[in-house]
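Comments concern the structure below.
The values are calculated or read from the model by the stated rules, or taken from the named source; none is laboratory data. This structure is a prediction, so every number in the text was calculated from the model and none was measured. Cβ placement follows ideal geometry from the backbone for every residue including glycine, while neighbour counts extend to all protein chains displayed. For accessibility, only protein heavy atoms count, side chains too; no ligands or nucleic acids. Shrake-Rupley method; radii C 1.70, N 1.55, O 1.52, S 1.80 Å.
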Amino acid sequence: MTRKEILAGAKRVLIKIGSAVLSGENGLDLQIIEQLVDEMAQLKKKGYQIVIVTSGAIASGKHRMGISGKLKSMPQKQAAAAIGQGRLMRVYSNAFGKYGLYVAQILLTMSDLTDRKRFLNIRNTLSTLIEWGVIAVINENDSVAVDEIKFGDNDHLAAMITNTIEAHLLINLTSTEGLYDRNPSGSKKAKLISLVKEFTKEIESAATEETTPIGMGGMKSKVLAAKKVTAFGIPCIIAPGRRKGVLHDIFAGKEIGTLFLPTSEHLSSRKHWIAFTLRSRGKLIIDEGAKKALLEEGKSLLPSGVVGVEGDFAIGDPVTCVDMEGITVAKGLANYGAPEIRKIMGVKSSRIEQILGYKDYDEIIHRDNLAITRESIKP
Ligand code: GLU
């Protein structure tokens, strides 16, 4: 697929705007925000559906408190986010208001998305907002998020929301031109990579964790976000957010930023949720026959193909399936808990009842609850 073909098919777009794009030493950069909103309003007029994931709350709150440099403690960041989030929304609301467009604030933590019910509620809210033509402006709920429920950075949040709304494209606006073959701040020879077809070691090591004084995630987390959405069959572009006309140029098919092509067929939203949102509670080691049945024939995982169980998970928990070499093959929801699987692994399904005294399912993981992706699955 060419860049133009990909962009022609992208009507529902998630646009992620990083702190380093929309804020500077003096807090929020109103001029840049207005410039981007102007472009988004024009896209909206042309019929594009836009959802925004935006940073900037902490940077804005910090500036309000007259603090320069990085904030040290978590409570300080949380307090700054609480101060800045209101202002961030007001700025977006005023800017979109000039075009007669409304915005809606959504603040999320990771645990909102791992809970299937809440995930579905959020999805319903977002699709209603899209239907109503209102721009959802999403940020992490920093003031309540502690480590276990944190996305960590807005790149991760943006990837998750791209899946949630089944967007056709993720545009990650950042303070650099895109992904370089080496860290551009350390080398003048660094070259911009305009197209990424697969996540080779070179691509992964091209991105570093180094961040700007304002940004959080660095290029590494942007590449990881691209990896997550492309594995879902959605393309991603990392592009320079401060460049005038950046969105227009992207949709005009101009060579701008780094385009990541989808690396797999479109995974259903539910399977993507299983693969990328849920945290695995254990591991099933599967034999070559089962691996082939899963990868090539789209079959369910049966007890006969399981050769080992790691961890202590319960029925319904997410587990990863690894091959005999330890490479992740799939992730799914287990129909039996770890103690039961230890008893029935290696046997035919017809013997489950005899061994356990009951049989609720023939499969260890039913194929409807099994997401196959190669390597990119988070354990
Ligand atoms: N949620 C944070 C904020 O609004 C930013 C996190 C990030 O940039 O990754 O300030």
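Tell me which of these residue 154 doesn't satisfy, since it passes every other one: (1) within 11 Å of the ligand (Cβ to nearest atom); (2) open to solvent by less than 10 Å² (accessible area, probe 1.4 Å); (3) of a type outside the set (D, E, K, R).
The number of the failed condition is (2).
Out of the residues in the range 265-298 meeting the condition of being open to solvent by less than 50 Å² (accessible area, probe 1.4 Å) and in a loop (DSSP other than H, G, I, E, B), tell me which one is farthest from residue 235 (Cα to Cα).
The residue in question is 287.
Which of the residues spanning the range 82-120 are small (Gly, Ala, Ser) and surrounded by fewer than 16 Cβ atoms within 10 Å (Cβ to Cβ)?
Listed by number, the residues that qualify are 86, 97, 100, 111.
What about residue 163, is it touching a residue at least 60 places away in the same chain (Cβ under 8 Å) and within 16 Å of the ligand (Cβ to nearest atom)?
So residue 163 fails the test.
List the strands (runs of 3 or more DSSP E) inside the range 299-372, counting only whole elements, that have at least 1 residues being surrounded by fewer than 18 Cβ atoms within 10 Å (Cβ to Cβ) and in contact with a Lys or Arg (Cβ under 9 Å, 6 or more places away or on another chain).
So the answer is 306-311.
For residue 62, all conditions in the list (1) among the charged types (D, E, K, R); (2) more than 24 Å from residue 162 (Cα to Cα); (3) in a helix (DSSP H, G or I); (4) open to solvent by 50 Å² or more (accessible area, probe 1.4 Å) hold save one; what is the number of the exception?
Condition (4) is where residue 62 drops out.
If I filter the range 90-106 for residues that are within 11 Å of the ligand (Cβ to nearest atom) and within 25 Å of residue 159 (Cβ to Cβ), do I get at least one hit?
No.
Please enumerate the residues belonging to the range 121-144 that are touching a residue at least 60 places away in the same chain (Cβ under 8 Å), open to solvent by less than 20 Å² (accessible area, probe 1.4 Å) and within 16 Å of the ligand (Cβ to nearest atom).
136, 137, 138, 139
Is it the case that the range 11-19 has a residue that's outside any loop (DSSP other than H, G, I, E, B), open to solvent by 10 Å² or more (accessible area, probe 1.4 Å) and away from the ligand (no atom under 14 Å from the Cβ)?
Yes: one or more hits.
Pairs, please: C-beta under 7 Å, at least 6 apart or cross-chain, first residue in contact (Cβ under 8 Å) with a residue 40 or more places away in the chain and in the range 318-333, second open to solvent by less than 10 Å² (accessible area, probe 1.4 Å) and among the acidic types (Asp, Glu)?
329/323
Quickly run through the range 64-82 and pick out the residues that are of a type outside the set (Ser, Thr, Tyr) and either within 11 Å of the ligand (Cβ to nearest atom) or free of Cβ contacts under 8 Å to residues at least 24 places away in the same chain (or both).
65, 66, 67, 71, 72, 75, 76, 77, 78, 80, 81, 82
Which ranges mark the helices (runs of 4 or more DSSP H) fully within the range 111-223 that have 1 or more residues being closer than 26 Å to residue 36 by Cα?
116-132, 154-164
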